[in-house]
Amino acid sequence: QLVYPHDFRLTEKEKTSICYLSFPDSYSGGLGDTQFSFRLRQAGGPRSSPFQDDGRYNREAPLTLQREAAHYFGYVYFRQVKDSSMRRGYFQKSLVLVSRLPYVNLFQCLLQLIAPEYFDKLEPCLEAVCNEIDQWPPPVPGQTLNLPVMGVVIQVRIPSRVDKPGSSPVKQCNQENLLPAPLVLPSVHELDLFRCFQPVLIHIQMLWELMLLGEPMVVMAPSPTVSSEMVLALTSCLAPLRYCCDFRPYFTIHDSEFKEYTTRTQAPPNIVVGVTNPFFIKTLQHWPHILRVGELRMSGDLPKQVKVKKLAKLKTLDTKPGIYTSYKTFLHKDKTLIKRLLKGIQRKRPSEVQSALLRRHLLELTQSFIIPLEHYMASLMPLQRAITPWKNPPQIRPFCQEDFMKSLEHAGPQLTCVLKGDWLGLYRRFFKSPNFDGWFRQRHREMTQKLEALHLEAICEADIVAWMKDKSEVEIVDLVLKLREKLVRARCQHLPVKEETLRRVSLYIDTIIGSLPEDLQAVLHH
C-alpha cells in the first residue's frame, strides 16, 4: 500500500516477495500482534546505498554485524483483530521495516513503538517518524547512540570489532541526563538464546556442529515468530566466527527460490531455512537435517527436550517435535552446561543470565576450535626482516591442511577445551564448508594488507638518496610510478598504515621527482 521514504525504489519482484513474507502463511487463529523477521535476496543488480560510507562501517563493525551487500532484512509487525466492517471479518495488516543491517532488537523495538500508532493514524504517523529517523546519526561501531522517536529516546551501543568477545556490553554512560529517561537496549542484535533454544538445550552441541559445517537445515515451526527467532539464534551461535552460508529466518511457498530449494535433482544448498507451512514437510523431507519445534513457552522448569529421530519418521503430517537427522556428532556432549542451566532454572535465575551462560559456552567452543587455525595462519606470514624496501613484499605461504593437522598434536583445541571427541574429523569436514572458505579469505585479505603496510613502513625507513645514486632515469621513473600506485592503494583500501607514513612516502616521491631533469618532472607532475 505504501512505501516510505517514497523515493526508495524496490523492483516488482522484491515488492511481491516482501508482501508474501509479511504475513503468516499457515493458518493462525491467534489474534493480536506478532513480530518476526525475514531475509530477502536483492533482485535487479546493485543499487547505490543511501549511506555514504559503506566502507568504514564494515571495516569497524564485527563481521557478524556487517551491512549486507546482496540481501535485505525485513522486520515485521503483524496485527490481526476481529473487525466486522472488513470483508473477511478481520483487520489484517503488517508494517515492515527493511534494512541491510541485522539489528533485530533495535528494529523490533522501534516497530513496537511505531506500528500501533500507524495502524491508528496511518500515513501522517509514518511521515513524522521518518522525519525523526532522518535526523539519527549513522551507526558508528563503538559508539552509544541516542535515537529519539515519538517522544521516546532509544539508547543503544553499536558493537565494534575491537570489543573483546564475550565481554558484557559496556555500561552506558548517561552524561546528558536525558529526560524522559531513555529506553536502554542491552544489545542491538543479541536474542534471548535461552528462550530460543529451550526445547533443544541438550542438543546444543549438535546444532553448533551443524552450523559450523554449514549443513543444510530446515526449521519447522508453528509461527513465523518462532521460526525466525530459531534461525537467527542458530546462525548467531558461531560468533565471533561469521556464518557464511545463506539463511532465511522465514520462508514461504511463494518465494522465488522455492523451486531451487525443493528440487530433488541436486543436493540441498548450504542454507538454514525457517518455515511454518506443513506443506514443507513433504517437499523438504529429502533434506538431511530437519528441526521441528512447537510454541516456545517460558515455564518454571526445563521444557520438554526434543529427541533426535530418524528421517524416515518424517512421513506424517502431524510430525512430532524433534531433530530428524542421521548426523553423528564429532564431539562428546557437554553435561556440565546442562547441569548449570538446570541449576539456574531451580534457582529461578533470570533468562538473560541463562542466555549469558549459553552464549559464553558457545563462544568458548568456537574459540577453542578457531584459535589453532588462527595460530597456524599467523605462522604463514613472512618474517618482518624478509620485507625490504626495493623488492615486492614476500608472499604469504599457502595453507596446507596436513601441516595444520600435524600442528594440532601440540597446539590443538584440547589446550582450551575439556570436550573430548574427534576434533580432527571435525576440522576435515570444516575445510569443505563455506564457513572455512569465508574465514580463510577474510584472514588472507587482512594479512595481505598488513604486508602492504609493513612494506610502506620499510620504504619510509630506507635511504632513498643512496639508492638513487647508481640508478638510471628509467629505474627512477619506474620507482615513482610504483610508489604512487602504492599510495593510492593504501588510501583506497584503508590499509592499517599511520598517516605519518603516507605523508613521508608522499614527500619521498616529491624529492625523487625534484632530482630528475625538468622535462621528466613536468611529465610526472602532469
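Pairs linking a residue in region 423-449 that is charged (D, E, K, R) to a residue that is open to solvent by less than 20 Å² (accessible area, probe 1.4 Å), with Cβ atoms under 6 Å and 6 or more positions apart or on different chains, are Arg429/Leu213; Arg443/Met377. Right, Asp134: of a type outside the set (Val, Ile, Thr), more than 21 Å from the chain's Cα centre (by Cα) and open to solvent by 60 Å² or more (accessible area, probe 1.4 Å) or not? In short, yes.
If you take just the helices (runs of 4 or more DSSP H) that sit entirely in region 301-419, which of them hold at least 1 residues that are within 16 Å of Ile204 (Cα to Cα)?
Numbers: elements: 335-346, 351-378, 401-411.
Answer list for region 301-419: 335-346, 351-378.
Checked against (1) modelled with pLDDT of 85 or more; (2) assigned to a loop (DSSP other than H, G, I, E, B), Leu495 passes all but a single condition, namely (1).
Comparison of Leu65, Leu21, Leu31 shows that the only residue that is crowded, with 17+ Cβ neighbours inside 10 Å and either modelled with pLDDT under 90 or in contact with a Phe, Trp or Tyr (Cβ under 6 Å, 6 or more places away or on another chain) (or both) is Leu21.
Number of residues in region 104-131 that are touching a helix residue (DSSP H, G or I) at 6+ places or on another chain (Cβ under 8 Å) and aromatic (Phe, Trp, Tyr) equals 1. The combined condition, being hydrophobic (A, V, I, L, M, F, W, C) and under 30 Å from the mean Cα position of the chain (by Cα), is not fulfilled by Leu122.
Mind listing whichever residues of region 508-526 are open to solvent by 90 Å² or more (accessible area, probe 1.4 Å) and assigned to a helix (DSSP H, G or I)? Give the steps one after another, and end with the answer.
Within region 508-526, the subset open to solvent by 90 Å² or more (accessible area, probe 1.4 Å) is 518-519, 523, 525-526.
Selection gives Glu518, Asp519, Val523, His525.
Would you call Leu479 within 30 Å of Ser379 (Cα to Cα), open to solvent by less than 80 Å² (accessible area, probe 1.4 Å), aliphatic (A, V, I, L, M) and in a helix (DSSP H, G or I)?
no
Screening the candidates Thr252, Thr265 for the property of being polar (S, T, N, Q) and without any contact (Cβ under 8 Å) to a residue 40 or more places away in the chain yields one hit, Thr265. For region 254-282, filtered to residues that are under 21 Å from Phe36 (Cβ atoms) and assigned to a helix (DSSP H, G or I), the residue that is most open to solvent (accessible area, probe 1.4 Å) is Phe279. Across region 111-125, not a single residue is classified as open to solvent by less than 30 Å² (accessible area, probe 1.4 Å), assigned by the TED database to the domain that holds Gln42 and not in a helix (DSSP H, G or I). Against the definition (open to solvent by 20 Å² or more (accessible area, probe 1.4 Å), closer than 26 Å to Val306 by Cβ and touching a Lys or Arg at 6+ places or on another chain (Cβ under 9 Å)), how does Asp192 come out, yes or no? Here the answer is no, as Asp192 does not meet what is asked.
Is there any pair linking a residue in region 398-411 that is under 12 Å from Ser379 (Cβ atoms) to one that is open to solvent by 100 Å² or more (accessible area, probe 1.4 Å) and in a helix (DSSP H, G or I), with Cβ under 8 Å and at least six apart or on different chains, and which? Pairs that qualify, where the first residue is under 12 Å from Ser379 (Cβ atoms) and the partner is open to solvent by 100 Å² or more (accessible area, probe 1.4 Å) and in a helix (DSSP H, G or I), are Ser407/His375; Ala411/His375.
The values are calculated or read from the model by the stated rules, or taken from the named source; none is laboratory data. All values reported here derive from a predicted model rather than from experimental measurement. For neighbour counting, all protein chains shown are included, and Cβ atoms are generated from backbone atoms with ideal geometry for every residue, glycine included. The protein model used for the area step is the full one, side chains on, heavy atoms only, and it has no ligands, DNA or RNA in it. Shrake-Rupley method; radii C 1.70, N 1.55, O 1.52, S 1.80 Å.
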